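Notes follow once the structure below has been shown.
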Amino acid sequence: MSSAIRIHKIGGPEVLEWEEVTVGDPGPGEVRLRHGAVGLNFIDVYFRTGAYGAEVPFTPGLEASGVVEALGEGVSDLRVGDRVAYAAPPAGAYSEQRLMPADRVVKVPDGVSDEAAAAMMLKGMTAQYLLRRTYRVKAGDTILFHAAAGGVGLIACQWAKSLGATVIGTVGSDEKAELAAAHGCDHPIVYTRENFVERVKSITGGAGVPVVYDSVGKDTFMDSLDCLRPLGSMVIFGMSSGPVPPLEVGLLAAKGSLYLTRPTLMTYTAKREDLVAAADELFQVVQSGAVKLEINQRFPLKHAADAHRALEARQTTGSTILTV
């Protein structure tokens, strides 16, 4: 018998229940995985609280690493025993074993541990599409990245720095400012006591930045627009403080013909070839040393509720994994 976290009603962390489950044989195009480690992400909170619709009961989680135990009919590019990882629907990663569409998993190269793979897939491929596709960061750019000491933020700061960019990042405390600075953030701004718009204008000589990457949402959105130079790109990829209120699109014209996008990893990796390319580029920057992963919290999978409490209280930095 295998065990998993199950959610039977929408609510707080207390609705995460550890239960025995039955995992059958893989169907056509599927693989059965035994997980080694599971990634914790804020999107898991959105599903748990009902911000993103999910039919109960369900097992949460979109990111994990593990070993292929069985192959379904038609799966030809994987073998039993392969080490793999994923960051994709369907939900169900908070489990010891699960079935998964084979075209959504990628092989993990030698030298990358199960913990590292589980910690990097969703956050790292998010950084990849943000920096390499949504707005392609180049040498000489100065960018603003909110939540710079978070899981995506620490990866993105290092990656952007390796591309030759100057990185401005917002953080919530002096401790997080030190952490961000140690990972490529040239100008950490403690937003709880500093006006980040004024700081950005000062750092850029009044010009503003070509792109703002914002996973905070409601609390930072309007001020972020004021950090952009004309024709700049506002990239909203999360809403940890709540959803952005409705916007009069004419405001984008008034502030300099700005671009606004709400991208998701699932769209950018919908095609198998895009998923593999994103994962390969991520593995390369990690193995080269350009990006170092910070796994700063570990919780047993059965204690996922404690991990959610820490995440929502902004008590975490870098990546958090659930150990299986």
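The values are calculated or read from the model by the stated rules, or taken from the named source; none is laboratory data. Computed from a predicted structure; not experimentally measured. Cβ placement follows ideal geometry from the backbone for every residue including glycine, while neighbour counts extend to all protein chains displayed.
Residue-level analysis places Arg83 among those that are touching a strand residue (DSSP E or B) at 6+ places or on another chain (Cβ under 7 Å), surrounded by fewer than 19 Cβ atoms within 10 Å (Cβ to Cβ) and in contact (Cβ under 8 Å) with a residue 24 or more places away in the chain. Considering the stretch 138-164 alone, what residues qualify as being surrounded by 24 or more Cβ atoms within 10 Å (Cβ to Cβ), at negative phi and in a loop (DSSP other than H, G, I, E, B)? Of everything in the stretch 138-164, those that are surrounded by 24 or more Cβ atoms within 10 Å (Cβ to Cβ), at negative phi and in a loop (DSSP other than H, G, I, E, B) turn out to be His146, Ala148, Ala149, Gly150. For the stretch 104-112, the condition of being outside the structural domain of Ala310 (by TED's automatic domain parsing) and touching a residue at least 60 places away in the same chain (Cβ under 8 Å) holds for none of the residues.
Taken over the stretch 290-322, the criterion of being farther than 17 Å from Leu179 by Cβ, surrounded by 18 or more Cβ atoms within 10 Å (Cβ to Cβ) and not hydrophobic (A, V, I, L, M, F, W, C) is satisfied by Lys302, His308.
Here is a yes/no grid of residues against (1) over 20 Å from the mean Cα position of the chain (by Cα); (2) part of a loop (DSSP other than H, G, I, E, B):
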residue	(1), (2)
Ala177	no, no
Leu231	yes, no
Gly238	no, yes
Gly242	no, yes
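Residues that are under 12 Å from the mean Cα position of the chain (by Cα), at pLDDT 95 or above and among the hydrophobic types (A, V, I, L, M, F, W, C) within the stretch 33-65 comprise Leu40, Leu62, listed in sequence order.
Note on the stretch 304-316: residues that are within 17 Å of Ala118 (Cβ to Cβ) and either touching a helix residue (DSSP H, G or I) at 6+ places or on another chain (Cβ under 7 Å) or without any contact (Cβ under 8 Å) to a residue 12 or more places away in the chain (or both) amount to 3. Do we have Ala93 as surrounded by 17 or more Cβ atoms within 10 Å (Cβ to Cβ), closer than 16 Å to Met266 by Cβ, at pLDDT 95 or above and under 19 Å from the mean Cα position of the chain (by Cα) here? Here the answer is yes, as Ala93 does meet what is asked. Hey, among the residues in the stretch 255-279 that are without any contact (Cβ under 8 Å) to a residue 24 or more places away in the chain and charged (D, E, K, R), which one's nearest to Val212 (Cα to Cα)? The selected residue is Asp274.
Within the stretch 12-26, the presence of at least one residue that is surrounded by 14 or more Cβ atoms within 10 Å (Cβ to Cβ), more than 24 Å from the chain's Cα centre (by Cα) and in a loop (DSSP other than H, G, I, E, B) is confirmed. Within the stretch 179-197, residues that are assigned to a helix (DSSP H, G or I) sit with their Cβ atoms under 6 Å from residues that are charged (D, E, K, R) and surrounded by 16 or more Cβ atoms within 10 Å (Cβ to Cβ), at 6+ positions apart or across chains, in these pairs: Val197/Asp223.
Residues in the stretch 54-89 that are touching a Lys or Arg at 6+ places or on another chain (Cβ under 7 Å), over 20 Å from Lys302 (Cα atoms) and part of a loop (DSSP other than H, G, I, E, B): 2 in all.
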